[in-house]
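In what follows, a single structure is set out as structure tokens and then discussed.
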Amino acid sequence: NDLVQNPIEELIVESNDSVWVSYRDNSLGISKFTMKEDGSSSIRHVGVQNGLLDGPVFMMERSGEEIWVGGAKGLSIVSPDFSVRTVDHHDGLIWDDIDRGGLFLDTDGSTWVGTSGGLARYTPRVEKKTAVPPKVAILSATLGDEEKIQTKEPRVEYEHNTFVAKYSGLTFRN
């Protein structure tokens, strides 16, 4: 029994002889379990030490040969060679935490990503072709100590003139 821990949270079938496993103790990462032709098995673990984002894993989805892992801090995309690419608000997600069941693999090849802050759409072929700067979503605009994102003409006293804006470029490119 080389699985990191029981109980298992979720299984994703990769082939007739391989499955990906996530654990109820989500901080343990994920594992790939493979049955070999001689009846033996192998297990490969992927965790923070391999580049998986730290924190709970809420869900997994398979997209082609990649395993998409959604968690509290964004997406981790595990390639067949076990390399990991991460996507979070720095890459264009509206918010970092991916909701349970928050990935939908559309028939056109795009992936819909549901977060607690909104819905994003990842389209790989658009990412590869476009050199257009990303659209920007303003997440917060604070003037002094007050949130002013909904205010049409914000004004404050001079001593409260510090402006802080939080934004996200809506792209999945690194």
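Every number here is computed from the coordinates shown, using simple stated rules; none is lab data. These numbers come from a predicted model, not from an experiment. Don't worry about glycine lacking a Cβ; one is built from the backbone with ideal geometry, like all the others, and counts go over all protein chains shown.
Can you compute the helix-only [θ] at 222 nm over the chain? Use -39500 (n - 2.57) per DSSP H run of at least 4 residues, normalise by all residues, nearest 500 deg cm²/dmol. Calculated from helices alone, the mean residue ellipticity at 222 nm is -1000 deg cm²/dmol.
Taking a label point 7 Å from the Cα of T34 along the Cα→Cβ vector, which residues of the range 49-66 have an amide N closer than 16 Å to it? Answer for the range 49-66: 65-66. Taking the structure as given and computing Kirkwood radius over Cα pairs in Å, which label from (1) 18.6; (2) 19.5; (3) 18.1 fits? Calculated Kirkwood radius over Cα pairs in Å: the matching label is (3).
Modelled this way, with points 7 Å down the Cα-to-C-beta line, the labels at R85 and T123 are 1.7 nm from one another. Farthest toward the positive end of the dipole of the chain, out of T123, G29, G74, is the Cα of T123, where the dipole comes from beta carbon charges about the Cα centre.
Modelled label positions at F104 and D54, each set 7 Å beyond Cα in the direction of Cβ, lie 3.3 nm from each other. Taken about its Cα centre, the chain carries a charge dipole of roughly 540 debye when the Cβ of each Lys and Arg holds +1 and the Cβ of each Asp and Glu holds -1. In the chain, taking the dipole from charged Cβ atoms about the Cα centre, the farthest positive-side position among V57, T86, N161 is held by N161.
You can think of it this way: the chain between E159 and L139 has 4.8 nm of extra reach, that is 0.36 nm per residue less the Cα-Cα gap.
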